[in-house]
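For reference, the structure discussed in these notes is given below.
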Amino acid sequence: MFIFDTESVDRLCRAILSLETVDECKAFLEDVCTIKEVQDLSQRLTAAMMLRQGCNYGQVSEKLGVSTATISRVSRCLNYGPGGYDTVLTRIDPEGEGGGCDE
C-alpha cells in the first residue's frame, strides 16, 4: 500500500489542487505550515532544480545552506522516487534553467 493512501492525505491534495493563485497558495501554506517547513520545502524544490541542471552536492549545499543528507534525499527521490519532482519541475521550469550552479 502506498504510504500516502489515506483519506486525510487525499483531502490535503484536493485542497492544494483547489488553489488558483500564488497568493492563495501562500496563504494556505502560512496557515498549515510553520515558516521553517515552508522554507525546507522550497529549498528541497530548488535543490532538485539544481541537481537536474547538473550541480553537485557541494554547489547545492553552499548556495542553499542545506545539509548533504537533505541533498542526498532529494537526489534519491529524483532518481528512484515516484516522479513528483520531475512532474513539477517539468511544469514550472520546462527548459531546466532555474536553480543555477555557482561554480
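Candidates are the residues of the stretch 36-82 that are aliphatic (A, V, I, L, M) and closer than 22 Å to ARG11 by Cα; the one that is nearest to the chain's Cα centre (by Cα) is LEU41. Among the residues of the stretch 72-90, the one identified as surrounded by fewer than 14 Cβ atoms within 10 Å (Cβ to Cβ), over 15 Å from LEU41 (Cβ atoms) and touching a residue at least 12 places away in the same chain (Cβ under 8 Å) is SER72.
Taking the numbered list (1) within 26 Å of ASN79 (Cα to Cα); (2) surrounded by 12 or more Cβ atoms within 10 Å (Cβ to Cβ); (3) not charged (D, E, K, R) in turn, CYS33 passes all entries but (1). Modelled with pLDDT under 95 and crowded, with 16+ Cβ neighbours inside 10 Å: does that describe ASP93? So ASP93 fits the description; yes.
Is it fair to say THR21 is free of Cβ contacts under 8 Å to residues at least 40 places away in the same chain and farther than 21 Å from THR87 by Cα?
Values: free of Cβ contacts under 8 Å to residues at least 40 places away in the same chain: yes; farther than 21 Å from THR87 by Cα: no.
When the stated conditions are applied, THR21 does not pass them.
What are the residues in the stretch 52-103 that are of a type in the set (Asp, Glu) and not in a loop (DSSP other than H, G, I, E, B), if any?
The initial filter retains those residues of the stretch 52-103 that are of a type in the set (Asp, Glu), namely 62, 86, 93, 95, 97, 102-103.
Answer for the stretch 52-103, where residues must be of a type in the set (Asp, Glu) and not in a loop (DSSP other than H, G, I, E, B): GLU62, ASP86.
The set of residues in the stretch 14-30 that are in a helix (DSSP H, G or I) and surrounded by 11 or more Cβ atoms within 10 Å (Cβ to Cβ) comprises ALA15, ILE16, GLU24, CYS25, LYS26, ALA27, PHE28, LEU29, GLU30. Whether a residue is among the β-branched types (Val, Ile, Thr) and surrounded by fewer than 14 Cβ atoms within 10 Å (Cβ to Cβ) was assessed, and THR68 passes this test.
The values are calculated or read from the model by the stated rules, or taken from the named source; none is laboratory data. All of these numbers come straight from a predicted model, not from anything done at the bench. Glycine also receives a Cβ, built like all others from the backbone with ideal geometry; neighbour counts cover every protein chain displayed.
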